[in-house]
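First the structure, in the form of structure tokens, and then the observations on it.
A short reminder: the numbers here are calculations on the coordinates, not readings from a lab. Model, not experiment: these values are computed from the prediction. FYI the Cβ positions are ideal-geometry reconstructions off the backbone, even for glycines, and counts take in every protein chain you see.
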Amino acid sequence: MAEKLNALALGYASAIISAAGMLLLGIFGNIGVYTDTAEMMQKWHMFFSLSIGGIIAGMIEAAVIGFISLYALVWLYNKFV
């Protein structure tokens with residue numbers, strides 16, 4: 001029998017990784033590296049911008065989306081196991 005996954009732990013891990021990725025993108029976007037990617041993120045995310053407040057808001061947005069997405073995926077996986 002397959003082992004069930006811990007949905008909450010994977011949701012938290014996804015939130016942390018998503019927020020860290022958005023932080024790095026904001027930092028690199030401000031120093032002139034990955035400017036095209038930062039510009040795309042500004043179009044795709046409602047709250048992300050290259051200001052300090054925009055980076056923090058983007059990190060929160062990415063964390064929430066990452067948590068909900070992976071939590072729901074693992075929850076669904078556990079229902080079928």
**Prompt:** To the nearest whole percent, what portion of all C-alpha pairs in the chain is separated by more than 15 angstrom?
**Reply:** 58
**Asked** Got the relative contact order for the chain handy, in percent, Cα pairs under 8 Å and 6 or more residues apart?
**Response** 46
**Message:** Can you show me the helix-derived [θ] at 222 nm for the chain, built from DSSP H runs with n ≥ 4 at -39,500 (n - 2.57) apiece and divided by the number of residues, rounded to the nearest 500.
**Reply:** -27000 deg cm²/dmol
**Fill in**
Charge tally for neighbours of Gln42 with beta carbon under 13 Å away, counting Lys, Arg as +1 and Asp, Glu as -1, is -2
**Prompt:** What angle, in degrees between 0 and 90 and rounded to the nearest 10, separates the Cα long axis of helix 52-80 from the longest principal axis of the Cα atoms of the chain?
**Reply:** 20
